[in-house]
Amino acid sequence: MSTQRYGRLTDAPAALVLTGVRAMDPGTGSDAVRTVAILDGRLVPVDAVPADAERVDCRGLVAAPGFLDLHTHLREPGGDGSESIESGARAAAHGGYTTICAMPNTEPALDDPDRVAWVLGRAAGAACRVRVIGAVTTGRAGAALTDLDALATAGAVAVSDDGAAVSEDHAEHALTRLAVLGLPLVEHAEAPALAGRAVMREGHVATLMGLEGWPAEAEASVVRRDIALAAQTDARLHLTHLSTAAAVDAVRDAKARGVGVTADVTPHHIALTDEWVAGAREFAWEVSASPALVSERAYDGSCRVNPPLATREDALALLEGLRDGTIDAIATDHAPHSPERKLVPFNDAAPGLIGLETALSIGLAAVEAGMLPLMTLLRALTTGPAGVIGETRSLEVGGVADLVLFDPAARWRVERSALASLSANTPLMGMELPGVVRLTVADGRVTYRS
């Protein structure tokens, strides 16, 4: 990665002129080839930039508002070596992200204001902005609610017990208070009584592989329960990493009724399917000429995620949810793990994969296949997730420069040496993907440049 440069939010503000760039702004719907000028870290009219400012020929490149990830695991506090706030922020900048939301699944959990403040302080000079999602219950143990008011005052933008659904009683009490605070509950929708010890999606592939299947109702039942609670409390509910058609249908119906619910899906749930556990390496929209058979790549621990990889039918339903606006955002659920936690029997593998540096590429693969319009993809990476935490995204003149510049036609190979993350747990390893980020500008500073 010697040709690549990472910056920090504490660097000097940028001064650049990007000429001939296709500027796509989901906030305004504008899509035009033009010049984008940055001076003192702000978007300015072209004639405001000095003649000696650096000019970059951006023909063939796309500029969009900086990406925002609603679901990133940075592993600090705790420090198991699989990621850090600094390395995770660099991986984010490499992937075009200017803001990421740190999840509370740390050791100890982000369940008190001092820990929220610690993360925010540690991230102050990183390669992207870091927001904090606090825990709903103490230690994420499900026994007692945290001090939601104190977490909000400390700077938490939402709360979640990600990794487990909040119990019905706690969810009702939390939503009631969050309605006053104006923060969303970010829910991991999974009913433990239905999910049991399952490690992959229920269906013919699970049966073929002799693995316990995770039923779609494990997710859908909690989604329906929480939507009813959100309607009752007039609170904001955000459903994260949805993976089933039934859940998408429930969200679509709730939005039609005016319930304050938003939702995200991950890149791996829209593109990878349960057949990847059996060794397949085709995206959900690529129809194989032969049925999935167990191959030598089967039982790869890098395919173990929670919720499990979707069936092809569910993955296509998630894409439809993005197209019709039912799904608001794409969130990576970036979950780094050391090799020792993945190179084990599939049942014992830690769930999760890295996603900050491959999210755009998976989305662009869907665009190339005609499964998503490019503007829809960019909306799900920018204005959609920003709205969930009360932020905005724009390329309009006058604002702070916060953008990504990428080449949608360029290809890159997913390899250890190409990643900024400290971990490499992804089944995409070795695959060639579309889309290369050339420049990331966060809060007016160049945080990544290739």
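The values are calculated or read from the model by the stated rules, or taken from the named source; none is laboratory data. Just so you know, these numbers come straight off a predicted model, no measurement behind them. All Cβ positions, even for glycine, are placed from backbone atoms using ideal geometry, and neighbour counts span all protein chains on display.
Identify, please: which residue in the stretch 399-446 is in a strand (DSSP E or B) and among the charged types (D, E, K, R) and is, among those, farthest from residue 304 (Cα to Cα)? If you could, list the steps in order and put the result at the bottom.
Taking the stretch 399-446 and keeping what is in a strand (DSSP E or B), we get 400, 403-413, 432-442, 445-446.
Within this subset, residues satisfying the condition of being among the charged types (D, E, K, R) are 407, 411, 413, 432, 438, 445.
Values: 407: 31, 411: 26, 413: 22, 432: 21, 438: 31, 445: 36 Å.
Looking at the filtered set, the residue picked out is 445.
Can you name every residue in the stretch 181-204 that is surrounded by fewer than 24 Cβ atoms within 10 Å (Cβ to Cβ), within 30 Å of residue 387 (Cα to Cα) and touching an Asp or Glu at 6+ places or on another chain (Cβ under 8 Å)? Result: 181, 188, 190, 191.
Across the stretch 141-167, what is the number of residues that are within 21 Å of residue 197 (Cα to Cα) and either free of Cβ contacts under 8 Å to residues at least 12 places away in the same chain or surrounded by 22 or more Cβ atoms within 10 Å (Cβ to Cβ) (or both)? It would help to see each step written out before you state the result.
Taking the stretch 141-167 first, the residues within 21 Å of residue 197 (Cα to Cα) are 141-142, 161-167.
Then keep just the ones that are either free of Cβ contacts under 8 Å to residues at least 12 places away in the same chain or surrounded by 22 or more Cβ atoms within 10 Å (Cβ to Cβ) (or both); that gives 141, 161-162, 165-166.
Summing the residues that are within 21 Å of residue 197 (Cα to Cα) and either free of Cβ contacts under 8 Å to residues at least 12 places away in the same chain or surrounded by 22 or more Cβ atoms within 10 Å (Cβ to Cβ) (or both) in the stretch 141-167 gives 5.
Test residue 138 against the criterion of being surrounded by fewer than 21 Cβ atoms within 10 Å (Cβ to Cβ) and touching a Ser or Thr at 6+ places or on another chain (Cβ under 7 Å), and give yes or no. Lay out the reasoning, then the answer.
Working: surrounded by fewer than 21 Cβ atoms within 10 Å (Cβ to Cβ): yes; touching a Ser or Thr at 6+ places or on another chain (Cβ under 7 Å): yes.
Yes; evaluated as a whole, the condition is true for this residue.
Residues in the stretch 339-356: is at least one surrounded by 16 or more Cβ atoms within 10 Å (Cβ to Cβ) and β-branched (Val, Ile, Thr)? So far as the stretch 339-356 goes, yes, one or more of its residues are surrounded by 16 or more Cβ atoms within 10 Å (Cβ to Cβ) and β-branched (Val, Ile, Thr).
Considering the stretch 107-135, and only residues there that are of a type in the set (Asp, Glu) and closer than 25 Å to residue 190 by Cα, the residue that is surrounded by the most Cβ atoms within 10 Å (Cβ to Cβ) turns out to be 111.
Yes or no, residue by residue, for (1) more than 30 Å from residue 249 (Cβ to Cβ); (2) in contact with a strand residue (DSSP E or B) (Cβ under 7 Å, 6 or more places away or on another chain):
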{"site": "320", "(1), (2)": "no, no"}
{"site": "325", "(1), (2)": "no, no"}
{"site": "335", "(1), (2)": "no, yes"}
{"site": "340", "(1), (2)": "yes, no"}
{"site": "348", "(1), (2)": "yes, no"}
{"site": "352", "(1), (2)": "no, no"}
{"site": "357", "(1), (2)": "yes, no"}
{"site": "361", "(1), (2)": "no, yes"}
{"site": "366", "(1), (2)": "no, no"}
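Could you check the stretch 173-215 and list, in sequence order, the residues that are of a type in the set (Gly, Ala, Ser), farther than 18 Å from residue 303 by Cβ and touching a helix residue (DSSP H, G or I) at 6+ places or on another chain (Cβ under 6 Å)? If you could, list the steps in order and put the result at the bottom.
Of the residues in the stretch 173-215, the ones of a type in the set (Gly, Ala, Ser) are 174, 179, 182, 189, 191, 193, 195-196, 198, 203, 206, 210, 213.
Now restrict to residues that are farther than 18 Å from residue 303 by Cβ: 174, 179, 182, 189, 191, 193, 196.
Residues satisfying the conditions are 179, 189, 191.
Those residues that are more than 23 Å from residue 311 (Cα to Cα) and not small (Gly, Ala, Ser), I need them from the stretch 239-266; list them, please. Talk me through it step by step, then tell me what you get.
Of the residues in the stretch 239-266, the ones more than 23 Å from residue 311 (Cα to Cα) are 254-261.
255, 257, 259, 261 - these are the residues of the stretch 239-266 that are more than 23 Å from residue 311 (Cα to Cα) and not small (Gly, Ala, Ser).
Among helices (runs of 4 or more DSSP H) entirely within the stretch 321-388, having at least 1 residues that are under 17 Å from the mean Cα position of the chain (by Cα) and of a type in the set (Lys, Arg) singles out 374-381.
Do the conditions hold for residue 106, that is, is it within 19 Å of the chain's Cα centre (by Cα), modelled with pLDDT of 95 or more and outside any helix (DSSP H, G or I)? Yes.
Scanning the stretch 401-423 for residues that are within 22 Å of residue 31 (Cβ to Cβ) and either surrounded by 21 or more Cβ atoms within 10 Å (Cβ to Cβ) or not charged (D, E, K, R) (or both) yields 401, 402, 403, 404, 405, 406, 408, 409, 410.
Yes or no: the stretch 378-396 includes at least one residue that is farther than 29 Å from residue 324 by Cα and either without any contact (Cβ under 8 Å) to a residue 60 or more places away in the chain or surrounded by fewer than 19 Cβ atoms within 10 Å (Cβ to Cβ) (or both).
So the first thing to find is which residues in the stretch 378-396 are farther than 29 Å from residue 324 by Cα, and the list is none.
Checked against the condition, which is being farther than 29 Å from residue 324 by Cα and either without any contact (Cβ under 8 Å) to a residue 60 or more places away in the chain or surrounded by fewer than 19 Cβ atoms within 10 Å (Cβ to Cβ) (or both), the stretch 378-396 yields no hits at all.
Applying the selection to the stretch 83-119, what residues are among the small types (Gly, Ala, Ser) and closer than 19 Å to residue 444 by Cα? Before the answer, list the steps.
Of all residues in the stretch 83-119, those among the small types (Gly, Ala, Ser) come to 84, 87-89, 91-93, 95-96, 102, 109, 117.
Listed by number, the residues that qualify are 89, 91, 92, 93, 95, 96.
Remark: pairs (first residue in the stretch 219-247, farther than 21 Å from residue 312 by Cβ; second residue buried (at least 20 other Cβ atoms within 10 Å of the Cβ) and among the hydroxyl-bearing types (Ser, Thr, Tyr); Cβ separation under 6 Å; 6+ apart in sequence or on different chains) = 238/262.
Of all residues in the stretch 220-278 being among the polar types (S, T, N, Q) and touching a helix residue (DSSP H, G or I) at 6+ places or on another chain (Cβ under 7 Å), which is nearest to residue 362 (Cα to Cα)? Walk me through it before giving the result.
Start the filter on the stretch 220-278 by keeping residues that are among the polar types (S, T, N, Q), which leaves 221, 232-233, 240, 243-244, 262, 266, 273.
In the following step, the residues that additionally are touching a helix residue (DSSP H, G or I) at 6+ places or on another chain (Cβ under 7 Å) were identified as 221, 233, 243-244, 262, 273.
Numbers: 221: 29, 233: 37, 243: 16, 244: 19, 262: 22, 273: 13 Å.
Per the criteria, the residue is 273.
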